[in-house]
1. Using a cut-off of 27 Å between alpha-carbon atoms, which lysines can reach Lys51, once sequence neighbours fewer than 8 places away in the same chain are excluded?
2. Suppose we keep just the DSSP beta bridges with both residues in the chain; what percent of those would be antiparallel, to 5?
3. Find the percent of Cα-Cα distances in the range 8-81 that exceed 21 Å, and round it to a whole number.
4. If every alpha-carbon in the chain counts as one equal scatterer, what log10 I(q)/I(0) does Debye give at q = 0.14, 0.21 1/Å?
5. Using helices alone, what [θ] at 222 nm do you get for the chain, with -39,500 (n - 2.57) per DSSP H run of 4 or more residues, divided over all residues and rounded to the nearest 500?
6. Compare the Cα positions of Ala85, Thr61, Ala37 along the charge dipole of the chain (+1 at Cβ of Lys, Arg; -1 at Cβ of Asp, Glu; about the Cα centre) and return the one farthest towards the positive end.
7. If you line up the Cα atoms of the range 38-115 on their principal axes, what length do they span on each, largest first, in Å?
8. What is the packing order of peptides 35-41, 112-118, taking the mean over residues of other C-beta atoms within 10 Å and listing the highest first?
Amino acid sequence: MQQSTPYLSFRGIGKTFPGVKALTDISFDCYAGQVHALMGENGAGKSTLLKILSGNYAPTTGSVVINGQEMSFSDTTAALNAGVAIIYQELHLVPEMTVAENIYLGQLPHKGGIVNRSLLNYEAGLQLKHLGMDIDPGHAAEISLHWSVADG
């Protein structure tokens, strides 16, 4: 049975760049507890729509509604703070960093400008354990991680 209120809605989203109309009047609803697919040809605007959701771009027209509340993210940090994260198809890991550092890249726990390594490794360990992965978060990232561990 479908819920009456979608958890995520794109309402009339449009996005233009100089000389390019990337999206025109896109509306799409996602309900909690369901699997959704956003499909289209190369250049159809899938990534642009997700970049709007994640705060990389602002829509030219339309709105994004999450859990009944209209949202507008000024940047990706604001989106992350609201629980929105996008896992892109091409992963860009930093080989010189540990597994834990790659998981929390850009969001390392810190105090006074110093990274809290024990908290970092503890949190990353919890994420990895949740996914059933037996990897020491302190090891160098010589493997391809399932990047989704960062936000569960």
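Please treat every number below as a calculation from the coordinates, not as lab data. Just so you know, these numbers come straight off a predicted model, no measurement behind them. Neighbour counts are summed over all protein chains in view; Cβ atoms, including those assigned to glycine, are modelled from backbone coordinates with ideal geometry.
1. Result set, ordered by chain and number: Lys15, Lys21.
2. So the antiparallel bridges amount to about 100 percent of the total.
3. Value for the range 8-81: 23 percent of Cα pairs lie more than 21 Å apart.
4. -0.83, -1.27
5. Theoretical 222 nm ellipticity from helices: -6000 deg cm²/dmol.
6. Thr61
7. 41, 30, 20
8. The most tightly packed comes first, giving 112-118, 35-41.
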